[in-house]
Amino acid sequence: MILSYKALRAYIFRKYRGISNYFRPGVSFKSERYKKLEARVPKFELPNPLLTETGSIITNKESWSSGQRVKILNYYQRYIYGNSPFSFLKIGFSILSGDSYCLNGKALKKEVNIFNENKPGAYFRLLIIMPASTIEAGLKAPVFLGLNFFGNQTITREKDISVTESWLPNNSITLGRKAESLRGIQLSSWPIRQIIDAGYALATAYCGDIVPDKSDGIDLSIEHWFSKEERHNFELGALGAIDGWAWGLRKAMDYIEQDEDLDASRVVVLGHSRLGKAALWAGAQDPRFAIIISNESGCGGATLFRRRFGETIASINQQYPHWFCQEFKKFNNRENELLVDQHELIGLIAPRPVYIASAQRDLEADPYGEFLAAKNASTIYKLFGLIGLQAEELPPVNTSIMGNIGYHIRSGCHGIKRFDWIQFIRFADKTFAQSSNNLHSV
Ligand code: GCU
């Protein structure tokens, strides 16, 4: 029997519901059902990021950066994402395959192992694809850096990119296939030609090479990464996969800093969905990332917990118990007891540019909550004399707002699409053009 595409989608959705939400049916943002859901959002007050423990209000960037920002960051480490022991590891880099041409000579690629120096078998692999013309001219390329969901071999059809040997989820996308047969299946999420044509390099690693995305994945990653002697260094409850993935992004940044082909001062860290949560968390902690982009990161990412719209703390902790630290479970159904909300996570990135992207039918991720978080993060940008998000109301669909905080809501469902990438590249172009103008005017 040959199933139509629609029937196949419906079959996959029924079969894998609960395992993956990649084919979310969604409801329209303007529909009656949506309005009913919106009417259920409880009344809440957002924590004021500028209000200190002693009741005073922060009024300048100095006291924000040296005091309040650090306190909020520590709070996130302790109660939400964890503060994983990965930072104790001594990391080395080895170039697995040197520069070789790909994409019909337009690009050069290389693969790098980022490994534990005390346990060299423990590594994750960074794939880097660079614009050939930039490298041939002896220039350094700016970089888009992001984790991928199913292995580096899935983002391009190039045959000689190594295949991940780590655990792979068996969900509606991989459907039980072997890693080798997944070559190129994520091509539409990673428009490499477009990125290369715009003059950027792309650096990516498989999230599952760092922490496998399953409930015992943290245990597996401890076995994988740490030697016996190193294991006494950590507290189990402080481990969370999102924090592990963010650590991976920061280690990739360590590598980029020492690669002569790449411009470490122009690195855009981005991620979609759960990997967008990791990109925001990496960007909040690490000032070396010049631009941070979250695509539909939703609960635990760019949206406000207190709205309880779509996915909530209780449901995310139940379905993905390994993503956050143990303390976070105490906030199931107690959003108001958290001392922070996600406008503050975005605000931790200030004054660097950040872009939040939502999709109209991706209601699980609460697009309106993402918009409100972006808008409320503006308070912190103002301390730096910057305008945050230049919009009072949710903009019309497919309209990008580009300020120090960028935002769009795309039509359609959950996913990272061509439209999203076009905006991300424009945002990076605009930011980097501005910074080079500033340099010239100094
Ligand atoms: C699930 C999860 C979300 C996550 C998404 C994804 O839908 O509930 O929190 O963002 O998967 O990563 O695609």
Checklist entry - For a label point 7 angstrom out from the Cα of ARG78 toward its Cβ, which stretches of segment 281-318 have the backbone nitrogen within less than 19 Å? => result 285
Checklist outcome for this item: FRET efficiency for GLU180 and ARG426 from the Cβ-Cβ distance with R0 = 45 Å, rounded to 0.05, comes out at 0.80
Item to check | Gyration tensor (alpha-carbon) shape descriptor, segment 218-368, a/c threshold 1.5 | outcome: oblate
Item to check | Electrostatic dipole magnitude of the chain [Cβ: Lys, Arg +1; Asp, Glu -1; Cα centre; debye, to 20] | outcome: 1480
Next on the checklist: Under a Cβ-only charge scheme (Lys and Arg +1, Asp and Glu -1), can you give me the dipole magnitude of segment 34-168 about the Cα centre, in debye to the nearest 20?
Outcome noted: 420
Next on the checklist: Considering only C-alpha atoms, what is the centroid distance from segment 323-352 to segment 398-434, in Å?
Outcome noted: 25
Item to check | Cα→Cβ-extended label distance, 7 Å offset, between GLN318 and LYS30, nm | outcome: 3.4
Item to check | Ranking of TYR206, TYR320 by count of other Cβ atoms within 10 Å, fewest first | outcome: TYR320, TYR206
Checklist outcome for this item: Residue span ILE387 to LEU220: 0.36 nm per residue of separation minus Cα-Cα distance leaves a gain in nm of 55.7 nm
Checklist outcome for this item: In terms of the charge dipole of the chain, which places +1 on Lys and Arg and -1 on Asp and Glu at the beta carbon, the residue among TRP225, SER56, ASN404 farthest towards the positive end is ASN404
Checklist entry - Whole number please: convex hull volume per residue of the Cα set in the chain, in Å³? => result 152
Checklist entry - Considering the zone a paramagnetic label at VAL41 would reach in this model (a point 7 Å from Cα along the Cα-to-Cβ line), which residues of segment 281-320 have amide N under 17 Å from it? => result 296-313
Next on the checklist: Compute the distance from the alpha-carbon center of segment 38-78 to that of segment 172-210, in whole Å.
Outcome noted: 37
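Filter the GluC sites (Glu not before Pro) in segment 241-319 down to the DSSP loop ones having no more than 16 other Cβ atoms within 10 Å, then list what survives.
GLU260
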Item to check | Per-residue [θ]222 nm for the chain (sum of -39500 (n - 2.57) over DSSP H runs n ≥ 4, rounded to 500) | outcome: -9500 deg cm²/dmol
Checklist entry - For ASN398 and LYS71 in one chain, what is 0.36 nm times their gap in residues minus the Cα-Cα distance, to one decimal in nm? => result 114.1 nm
Checklist entry - Under unit Cβ charges (Lys, Arg +1; Asp, Glu -1), what dipole magnitude, rounded to 20 debye, does segment 229-285 have relative to its Cα centre? => result 440
Checklist outcome for this item: Ranked output for segments 120-132, 298-310, 43-55 by mean other Cβ atoms within 10 Å, highest leading, reads 298-310, 120-132, 43-55
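Every number in this text was worked out from the coordinates using simple rules, so none of it is lab data. Bear in mind the structure is a predicted one, so any value in this text is a computation, not a measurement. Every residue, glycine among them, receives a Cβ derived from its backbone with ideal geometry; neighbour counts consider all protein chains shown.
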